[in-house]
Amino acid sequence: MFAEKFNKSFLIFITVAVIVGSFIGCSPSVGTNESTSPKTTILTKEELDYFNGDEFFNGEYMNIRNQFLGSIYEKPEKIDLFNLFYCGSGVEEMFATEAERLAIIAYNEWEMEPDCGCEKISRDNMEAVLMEYTGLTLADTEKVGLDNFTYLEEYDAYYLYHGDTNYRMKISFAAGEKTGDMIRLFYDDEFKGDGEKILTLQEKDGSYLFVSNVRS
């Protein structure tokens, strides 16, 4: 009698386990529903023309957004600030006094002022550019290349004497694609002559943040 009851109970247990297991096996896994994943679409000609036009890139000198293509970075914290601000911040800044110019010479222990122009980038303007186009403060970055500037604490500004330029007058993308709010733009870096690259932007509040600029 005991054996008979045990066998019936065991059979019921096995049956229930199989049914439950079937439901579990048939239920969709969380996060694997392809219909909820953003699809990648190719940018239309009109969308690509926007980036090849004068509204975001290009335009009049100097468009600081062009300079975000000046270095390779996998995330915005690694942007080379020396290349980005080599020609300034896009806002013309003048020396407050002649003492400011003399302070740069004294700081670098130069015998005389270099025979070329000097870019001045105040920390405030540098911060403004970074916040607008990366969402980061200067402290949030890895400060790549920043030591190549002369920094004067009393004026809270960075300085660079140079007679050449690294400014990109014209940017042209061959193609682009969009996934959610992320846009990838493909181009041959003819300015540097070092091959194919991919610039990634993120749409935000009607503008774009720079996410990465990597080799293809």
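Screening Leu136, Leu185, Leu130, Leu199 for residues that are in a loop (DSSP other than H, G, I, E, B), in contact with a Leu (Cβ under 6 Å, 6 or more places away or on another chain) and surrounded by 14 or more Cβ atoms within 10 Å (Cβ to Cβ) leaves exactly one candidate, Leu136.
Scanning region 150-162 for any residue that is modelled with pLDDT of 95 or more, aliphatic (A, V, I, L, M) and under 16 Å from Ile64 (Cβ atoms) turns up at least one such residue.
Kindly provide the set of residues from region 169-186 that are under 17 Å from Val214 (Cα atoms) and touching a residue at least 24 places away in the same chain (Cβ under 8 Å), ordered by number. Quick ask: steps written out before the conclusion?
Quick first cut of region 169-186, residues under 17 Å from Val214 (Cα atoms) only: 171-178, 182-186.
Those that are under 17 Å from Val214 (Cα atoms) and touching a residue at least 24 places away in the same chain (Cβ under 8 Å): Ile171, Ser172, Phe173, Ala175, Gly176, Glu177, Lys178, Met182, Ile183, Leu185, Phe186.
Checked against (1) surrounded by fewer than 14 Cβ atoms within 10 Å (Cβ to Cβ); (2) touching a Cys at 6+ places or on another chain (Cβ under 7 Å); (3) not charged (D, E, K, R), Gly117 passes all but condition (2). The number of residues in region 156-182 that are in contact with a Ser or Thr (Cβ under 8 Å, 6 or more places away or on another chain), surrounded by 13 or more Cβ atoms within 10 Å (Cβ to Cβ) and closer than 22 Å to Arg123 by Cα comes to 4.
The values are calculated or read from the model by the stated rules, or taken from the named source; none is laboratory data. Just so it is clear, the structure is predicted and the values come from calculations on it, not from any experiment. Quick reminder, even Gly has a Cβ in these numbers, built from the backbone with ideal geometry, and neighbours come from all protein chains shown.
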